[in-house]
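Notes follow once the structure below has been shown.
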Amino acid sequence: MNQFSPTLSQGARASQSGKSLENKIESVLQELDLEYEAQVNFTNIYNRPTAKMDFYVPAYNMYMEVKNQNVAGSVDEKIPFCIANLLKVDGRGVFIYGGSHFNTPRGQSIINYAIDKTLDSDVEIVHEANLKDFLSEQTSSGQTPQ
């Protein structure tokens, strides 16, 4: 059974699904008692200084972009743009993904693309189910806040 109203358009359901994952990520940040900002301005790859990044964690100078996708669609096409923006930020980047689409061959190839593009960079690709462990490791591994 779909958790979203069947009367919503596909785009509206996708937006609601994405917001749901953002709320989940926000809960993890709160649970770990990490100070953060939501929907922060940054200068994107097109030099637009008012672009928005989903989250910023000042203690780690870490920008986070969140994408949720349950079916094939336009989010696929947005991921290279997200990765390029995370590579451009003055700090660390984390691309957080969730949704059943990423379990499909196409979804997995998109994640493999993201991993390949971020090798030897300050950008990490993290499944939403692993975010809490990833963030906890930042503290326990001696990653010093910037």
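Taken about its Cα centre, the range 39-99 carries a charge dipole of roughly 100 debye when the Cβ of each Lys and Arg holds +1 and the Cβ of each Asp and Glu holds -1.
Given a 1.4 Å probe and the protein chains as shown, Asp122 ends up with an accessible area of around 100 Å².
Listed by chain and number, the lysines whose C-alpha is less than 19 Å from the C-alpha of Lys132, apart from same-chain residues fewer than 8 away, are Lys19, Lys24, Lys67.
For the pair Ser136 and Lys19, a Förster radius of 25 Å applied to the C-beta separation gives a FRET efficiency near 0.50, rounded to the nearest 0.05. Of all DSSP beta bridges confined to the range 49-146, the antiparallel ones make up roughly 20%.
Near Val94, the amide H atoms lying under 5 Å from its own belong to Tyr63, Met64, Glu65, Glu124; only residues 5 or more places off or on other chains count, and H is placed 1.01 Å from N.
Per-residue SASA remark: Val40, around 10 Å² accessible (1.4 Å probe; ligands, DNA and RNA not included). If you sort Glu22, Glu124 by accessible surface, 1.4 Å probe, largest first, the order is Glu124, Glu22. Label sites at Asn61 and Thr104, each approximated as a point 7 angstrom past Cα along Cα to Cβ, lie 3.9 nm apart. Using 0.36 nm per residue and subtracting the Cα-Cα separation, the extra length available between Asn112 and Glu31 on full extension is 26.2 nm. The charge dipole of the range 54-135, taken about its Cα centre with unit charges on the Cβ atoms of Lys, Arg (+1), Asp and Glu (-1) only, comes to about 140 debye.
Spacing of the modelled spin labels on Thr50 and Ser74, each 7 Å from Cα toward Cβ, amounts to 2.1 nm. Largest accessible area first, the listed residues Tyr113, Tyr46 line up as Tyr46, Tyr113 when surface is computed with a 1.4 Å probe on the assembled protein chains. For the range 69-146, the per residue solvent-accessible surface stands at 54 Å², with DNA, RNA and ligands left out and a 1.4 Å probe.
The values are calculated or read from the model by the stated rules, or taken from the named source; none is laboratory data. Since the structure is predicted, the reported quantities are computational estimates derived from the model, not experimental observations. Cβ coordinates were reconstructed from backbone atoms using ideal geometry, including for glycine residues, and neighbour counts include every protein chain displayed. To get the accessible areas, we keep the full protein, side chains included, count just its heavy atoms, and leave off ligands, DNA and RNA. Shrake-Rupley method; radii C 1.70, N 1.55, O 1.52, S 1.80 Å.
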